[in-house]
Amino acid sequence: MIITNITGIGDPQIILFEGVYYCYATTPASENKNFYVWKSDDLVNWSDKILCFEASKAWGDRDFWAPEVVYHNGKFIMHYSARRAEDNSLRLGVAVSDSPEGPFTDVYGKPMFDLGYATIDGSVLICEEGNFFYYSRDCSENWVDGVRLSQTYCMKLDDTLTKVISEPMLMTTPTEEYERKSLHVRSKPTLWNEGPTVIKLGNKYVMNYSTNYFGSNDYAICVATADHPLGPWKKSVNNPVLSCNPDLFGAGHNAFFKTKNGELYTSFHIQTYPDNPSGDRRTVIGKVTFSEKNGDIFEEIE
């Protein structure tokens, strides 16, 4: 694994464009009005951060989180999360740029869509079945049987990747014992499935998602598989695939990418200071391998 010098961040995502790697991430609260990008030729040595999107000049007020960028039809398209001032509610926005370094410009000057509840952690899958947008219905406004839940959902996108064209469908919800480690860490009972990212692997669709509280060492990456982008999703028996160990505390919110050699890698964050877990996290990069046993997908990140 590559433990980078990109700290004070969260939710990192890496793309490769014209031989250069670009890393986008949530920035710390003290600077959390904008989005930045870091550049690298080798995934080891990274530039200083570069301002790529003055997000607070669009519709959001604060909590600018989880930017993910995809290159499509000659444009760089960023989906991101932010909180509105008028109702203190989280929504997903979309911005575009002609360059991976920006400047990105918000498409609508308002959230990309509004379902009447808090949404975060948008991620795109482009495949032969269409364009799919995965996101998390945030626990802050989602009560089920006395528990606040973060759950993953999906909608289809048009070919610009800026407009949803279907109703939302539930993908995953916290159901397993390993997803309950943070149930009582907040003032109200809370469970998490969030940060979904999906790729196609052979004839299967593979989702990574994160579970437990992000600001703890119990945050972990899990895997689920399906025969179709809209599921149904089967959670692996070897979950979580990456969780707390002596070197990786609070591993979570990953995103897949291909290297210059065509190998499958992922970026994710860990706690910068595991003795004092917080929103200050570090970008880590690992190679991803999959194997199958008795119909179950085993994922290794190394």
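The values are calculated or read from the model by the stated rules, or taken from the named source; none is laboratory data. It should be emphasised that the depicted structure is a prediction, and the values quoted were computed from it without experimental measurement. Counting neighbours? That spans all protein chains shown, and the Cβs are built from the backbone with ideal geometry, glycine included. For accessibility, only protein heavy atoms count, side chains too; no ligands or nucleic acids. Shrake-Rupley method; radii C 1.70, N 1.55, O 1.52, S 1.80 Å.
Annotations
- Highest mean first, the peptides 229-235, 124-130 sorted by other C-beta atoms within 10 Å per residue fall in the order 229-235, 124-130.
- Over all Cα atoms in the chain, the spread is summed up by Rg and Dmax: 17.6, 51 Å.
- Bridgeable lysines around residue 293 (alpha carbons under 23 Å apart, same-chain partners fewer than 8 residues away excluded): 200, 204, 234, 235.
- With Cα atoms defining each centre, the stretch 153-193 and the stretch 38-105 are spaced 21 Å apart in the structure.
- Look at the alpha carbon pairs under 8 Å that are at least 6 residues apart: their mean separation over the length of the stretch 193-256 gives a relative contact order of 33 percent.
- Calculated from backbone phi, Karplus (6.51, -1.76, 1.60) coupling profile of the stretch 2-8 in Hz, x at Gly/Pro: 10, 9, 7, 8, 8, 10, x
- Entry note, the stretch 189-302: relative contact order of 19 percent, from Cα contacts under 8 Å with a spacing of 6+ residues.
- Charge tally around residue 73: other residues with Cβ under 12 Å, Lys/Arg +1 each, Asp/Glu -1 each, net -2.
- In terms of the mean number of neighbouring beta-carbon atoms within 10 Å, the peptides 212-220, 81-89, 52-60, 293-301 order highest first as 212-220, 52-60, 81-89, 293-301.
- When only Cα pairs below 8 angstrom with a gap of at least 6 residues are kept, the stretch 138-192 shows a relative contact order of 36 percent.
- What the phi angles of the stretch 204-211 give under the Karplus curve with 6.51, -1.76 and 1.60, with θ = phi - 60°, is a coupling list of 10, 9, 10, 10, 9, 9, 10, 9 Hz, glycine and proline written as x.
- Accessible-area composition of the chain, carbon plus sulfur, in percent [1.4 Å probe]: 47
- FRET E, pair residue 126, residue 260, Förster distance 22 Å, beta-carbon r, rounded to 0.05: 0.60
- Taking θ as phi - 60° and the Karplus parameters 6.51, -1.76 and 1.60, the scalar couplings of the stretch 181-192 work out to 5, 9, 3, 10, 6, 9, 5, 10, x, 9, 10, 10 Hz in sequence order, x denoting glycine and proline.
- Inter-site label distance for residue 47 and residue 163 at 7 Å from Cα along Cβ, in nm: 3.4
- Using the 1.4 Å probe convention, the accessible area of the chain works out to 41 Å² per residue with neighbouring protein chains retained.
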